[in-house]
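Participant: Got a structure for you, written out below as structure tokens; questions coming shortly.
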Amino acid sequence: MSPFLWGVATSAHQIEGYNSNSDWWHWEQAGNIEGGAHSGRATNHWFLFEKDLKLAKDLGLNSYRFSIEWAKIESEPGVWNEEALAWYDRLLDLCAELGLTPMLTLHHFTNPKWFIDLGGFTNPESPKLFARFTEKVIAMVRDRVDLWCTFNEPMVYTAGAYLGKFMPPAVFSPKDASLVMANMLRAHVLAYDLIHRASKFSKVGIAQNLLDFMPDRKWHPLESILTRVIRRFYNRSWLDAITGRRQCFGILGLIPSPLEVKEARGRLTADFIGINYYTKAFVRWKPKDAHEGTSSDFPIGISFARRKEKVSDLGWAIHPQGFRKILRFAARYELPIYVTENGIADRDDRLRASYLESHLKELKLAQEEDGIDIRGYYHWTLTDNFEWIKGFSPRFGLYSVNYDTDERTLRPSAQVFKEWVSK
Ligand code: BGC
């Protein structure tokens, strides 16, 4: 039995910097980020990765989750950037030197700009283009990676880019959203097969964002129904699809169901389930203000806390009980589970220690009392970083970053994590 994996999770665009051929970079330049921020050099991880990985090692970790930046590797269609490939090659060698088992994510929200100009995942050719990139990554990796996530939070990506307009191309198009989910599933299946063909030791999954949904008003019949519908769509549709069950990527009257992806029906294309868990979500019919939730162009509001509840700097409730519920839900798929992300935006480090403590206790209970097969926990994240549309202000790092000097400083709460890791 392999040891439990303790790690931190990161994503390329949020830390590496210099991602000038990506869709996000262009979207940032157009002024779409809060406070006019640009990812720019981000945390300068591109030049400081050796230092960063050592910081991870200093926490006592034995694993590291990161993503590969497609826009850097294939900055123009079919043109491969050897320098970028060599950088990831070095990163993997360093993981081996430091005893950090790598978990590699192929797609974490960002795309090459050229890919989006071709329609991104609305393009029928997109699964093949993604597969071509995957093949290149497999060749670079050789036999150094056993744990793969094809997509990070494909549901959040689709919702952000094609419904909620908080990610590029930021359009509201339920029809495109539906197409994108189907093509991402096709891309996932192709990547799953390619990775398995290359190595019989590989384990492939996705990192799925799961929320503990509840109606905003318990007595409101429509909100109860909507909660069930949204929970099924958001939490279940991807997990059902990659475990060969009926695909439910549509919502009657809101999002058209795409044609069934036959390649995925009736077969398992996941060896584990990756869970990104942060908080709960209240579902509100016709919200009146931002507190009751706002969401895209639908008359449905999603909010992440009640008024006066203890919240993170992003206004997300701290809800450890939901973590165990979500683990139990995921366990129904009868696959091993990795917690691929869990963390809190807490600049002043007031809540992180108790957040870690309470969530890790729930994880332990899920293992010991519910008998759930959890194989690893990745904290989000190692250092502060570029938090998408929110820019640099939310601070999720176990190490804080001074963006003027690039200096990293351990936050006191990291001690709690270290203690759990060394138990
Ligand atoms: C994403 C990360 C993000 C984190 C905190 C996750 O949904 O995968 O990229 O930084 O949440 O918002």
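Values quoted throughout were computed directly from the atomic coordinates according to the rules given, and no laboratory measurement underlies them. If you're wondering where the values come from, they're calculated on a predicted model, not measured in any experiment. Ideal geometry is used to build each Cβ from the backbone, glycine not excepted, and the neighbour counts take in all protein chains shown.
Participant: State whether the stretch 43-149 is rounded, prolate or oblate according to the following rule on the C-alpha gyration tensor (a ≥ b ≥ c being the square roots of its eigenvalues): a/c under 1.5 gives rounded; otherwise a/b larger than b/c gives prolate, and the remaining case gives oblate.
Facilitator: It comes out prolate by the Cα gyration axes.
Participant: What residue among V137, L104, N123 has its Cα farthest toward the positive end of the dipole of the stretch 96-164, where the charges are +1 on Lys, Arg and -1 on Asp, Glu, each on the Cβ?
Facilitator: My answer, from the dipole projection, is N123.
Participant: I would also like to ask the following. With label points built 7 Å along Cα→Cβ from the Cα atoms of R245 and L222, find their separation and express it in nm.
Facilitator: Here the modelled spin labels are 2.8 nm apart.
Participant: Continuing with the same structure: Through the Karplus equation 6.51 cos²θ - 1.76 cosθ + 1.60, θ set to phi - 60°, convert the phi angles of the stretch 38-43 into ³J(HN,Hα) values in whole Hz; use x for Gly and Pro.
Facilitator: 10, 5, x, 8, 6, 9
Participant: Moving on to the next point. Suppose the chain between R132 and S199 were pulled fully straight at 0.36 nm per residue; how much longer would it get relative to their current alpha carbon spacing?
Facilitator: Once the chain is fully extended between R132 and S199, it gains 22.4 nm.
Participant: What nm distance separates the two modelled labels at S2 and S173, each placed 7 Å from Cα along Cα→Cβ?
Facilitator: Once both label points are built, they end up 3.9 nm from each other.
Participant: Using only alpha-carbon positions, what ratio does the radius of gyration of the stretch 93-145 give when scaled by 2.2 N^0.38 Å?
Facilitator: That works out to 1.42 for the stretch 93-145.
Participant: Restricting things to Cα coordinates, could you compute the convex hull volume per residue of the chain in Å³?
Facilitator: 135
Participant: Per q in 0.20, 0.25 1/Å, what log10 I(q)/I(0) does a Debye calculation on the alpha-carbon atoms of the stretch 320-365 return?
Facilitator: -0.69, -0.94
Participant: May I ask you to work out the translational diffusion coefficient for the stretch 233-284 at 37 °C, viscosity 0.692 mPa s, via Stokes-Einstein with Rh from the Kirkwood sum over Cα pairs, reported in whole µm²/s?
Facilitator: Reported coefficient: 262 µm²/s.
Participant: Based on Cα coordinates alone, diagonalise the gyration tensor for the stretch 266-365, multiply each eigenvalue by 5, take square roots, and list the semi-axes in whole Å, largest first.
Facilitator: Rounded to whole Å, the semi-axes are 26, 21, 11.
Participant: Quick one: P(r) of the stretch 302-342 from all Cα-Cα pairs, 5 Å bins, percents rounded to integers, in order of increasing distance.
Facilitator: With 5 Å bins starting at 0, P(r) equals 6, 19, 22, 20, 15, 11, 6, 1.
Participant: What is the Å³ per residue value for the convex hull set by the Cα atoms of the stretch 1-55?
Facilitator: Value for the stretch 1-55: 123 Å³ per residue.
Participant: Say the dipole of the chain comes from +1 at the beta carbon of Lys and Arg and -1 at that of Asp and Glu; which of G253, W27, F323 then lies farthest toward its positive end?
Facilitator: Selected residue: G253.
Participant: In percent, how large is the relative contact order of the chain, given Cα pairs closer than 8 Å and 6 or more residues apart?
Facilitator: 16
Participant: In debye to the nearest 20, how big a dipole does the chain give about its Cα centre with +1 on each Lys and Arg Cβ and -1 on each Asp and Glu Cβ?
Facilitator: Here the size comes out at about 1560 debye.
Participant: How long are the three semi-axes of the equivalent ellipsoid for the stretch 176-234, computed from the Cα gyration tensor as the root of 5 times each eigenvalue, in whole Å, largest first?
Facilitator: 36, 14, 6
Participant: So, one more: Once each part is reduced to its C-alpha centroid, what is the distance from the stretch 393-423 to the stretch 159-228 in angstrom?
Facilitator: Each part's Cα centre sits 30 Å from the other's.
Participant: Still on this structure, I have one more. Which whole-Hz couplings ³J(HN,Hα) result when phi for each residue of the stretch 90-105 is put into the Karplus expression 6.51 cos²θ - 1.76 cosθ + 1.60, θ = phi - 60°, listed in order with x for Gly and Pro?
Facilitator: My calculation for the stretch 90-105 gives 5, 4, 5, 4, 5, 4, 5, 4, 8, x, 9, 5, x, 10, 9, 9 Hz in order.
Participant: Follow-up question, since we're still on this one. If you take every DSSP beta bridge whose two residues both sit in the chain, what share of them, in percent to the nearest 5, is antiparallel?
Facilitator: Within the chain, antiparallel bridges account for around 25 percent of the total.
Participant: How large is the charge dipole for the stretch 216-257, taken about the Cα centre, if only the Cβ atoms of Lys, Arg (+1) and Asp, Glu (-1) carry charge, to the nearest 20 debye?
Facilitator: 140
Participant: Run the numbers on the stretch 119-251 and let me know its relative contact order in percent, using alpha-carbon pairs under 8 Å that are six or more apart.
Facilitator: 26
Participant: Check the stretch 128-222 and count each lysine pair with an alpha-carbon distance under 27 angstrom, considering only pairs eight or more places apart or from different chains.
Facilitator: Lysine pairs meeting the criterion: 8.
Participant: Once amide H atoms are built 1.01 Å from N in the peptide plane, which residues 5 or more positions from R375, or in another chain, come under 5 Å H to H?
Facilitator: Excluding prolines and chain starts, which carry no amide H, the hits are I337, Y338, V339.
Participant: So what is the calculated 222 nm ellipticity per residue for the chain, using -39500 (n - 2.57) for each DSSP H run with n of 4 or more, over all residues, to the nearest 500 deg cm²/dmol?
Facilitator: -11000 deg cm²/dmol
Participant: Determine the dipole magnitude for the stretch 51-184: charges of +1 sit on the beta-carbon of Lys and Arg, -1 on that of Asp and Glu, nothing else is charged, the reference point is the Cα centre, and the result goes in debye to the nearest 20.
Facilitator: 260
Participant: W380's amide H: which non-local residues (gap 5+, or another chain) put their own amide H closer than 5 Å, with H modeled 1.01 Å from N in plane and none for Pro or chain starts?
Facilitator: A9, N342, G343
Participant: Considering the options P299, N385, L59, tell which one lies farthest towards the positive end of the dipole of the chain, charges being +1 on Lys and Arg and -1 on Asp and Glu at the Cβ, about the Cα centre.
Facilitator: P299
Participant: May I pose another question? In whole Hz, what ³J(HN,Hα) sequence does the stretch 228-233 give by Karplus (6.51, -1.76, 1.60; θ = phi - 60°), x for Gly and Pro?
Facilitator: Result, rounded to whole Hz: 5, 5, 5, 4, 5, 5.
Participant: Among L100, L222, L239, which one moves the most in a GNM of the chain with springs linking Cα atoms closer than 10 Å?
Facilitator: Among L100, L222, L239, the largest mean-square fluctuation in the Gaussian network model of the chain belongs to L222.
Participant: Could you count how many Lys pairs in the stretch 270-328 have their Cα atoms under 18 Å apart, skipping same-chain pairs fewer than 8 positions apart?
Facilitator: Going through the stretch 270-328 pair by pair, I get 4.
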